[in-house]
Amino acid sequence: MTQRSTATKIALAPLLALSVVALGGVASTAGASTKATTVKAVETEFHIALSKKTFSPGSYTFVAENKGKVTHALQISGPGLHNATTPDIAPGKSADLKVTFKSGKYDIFCPVPGHKMLGMNANVVVSSTGGHTSANKSTTGNSTTGSGGTAF
Ligand SMILES: [Cu+2]
């Protein structure tokens, strides 16, 4: 009896390991398929290093990586954002923060008391770039919609 149940557990172990791997793969693929631009925000004492310097309006996923020795977090405030914040991020961990930027000034900082003042603060200006005259919007639309799929 005891032997049999032990054997069952051993047989299941590789399966469990496999399913964990599979789930991880699916999760990361799903994350990549969104249209948000990923921006790394590396946090240390006491600095935030962004992997991107210029921003245009759109969706962004900030990946806050705590490479410091104390707990940090990431908060962004600006037009349309009401203190979007990650949970606390322990040293060595990371957290995602999804935001939508409009044109304007945004403040990216660590909300842990005192940290912003010590230098964990980055300001970015979001602007729709290009000195192009933005008149040519007529190219969008008018795609022949309505041919409902290929089959039947
Ligand atoms: Cu901090």
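Just so you know, all these numbers are worked out from the coordinates, no wet-lab data involved. Since this is a predicted model, take the numbers as computed values, not measurements.
The table below gives the values:
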{"item": "Note, ³J(HN,Hα) from phi for region 111-118, Karplus 6.51, -1.76, 1.60, rounded to Hz, x at Gly and Pro", "result": "x, 5, x, x, 5, 4, 5, 7"}
{"item": "Extension reserve of the Thr71-Asp107 stretch, reckoned as 0.36 nm per residue once the Cα distance is removed", "result": "11.0 nm"}
{"item": "Debye intensity ratio I(q)/I(0), log10, region 34-129, q values 0.15, 0.16 Å⁻¹ (C-alpha model)", "result": "-0.50, -0.57"}
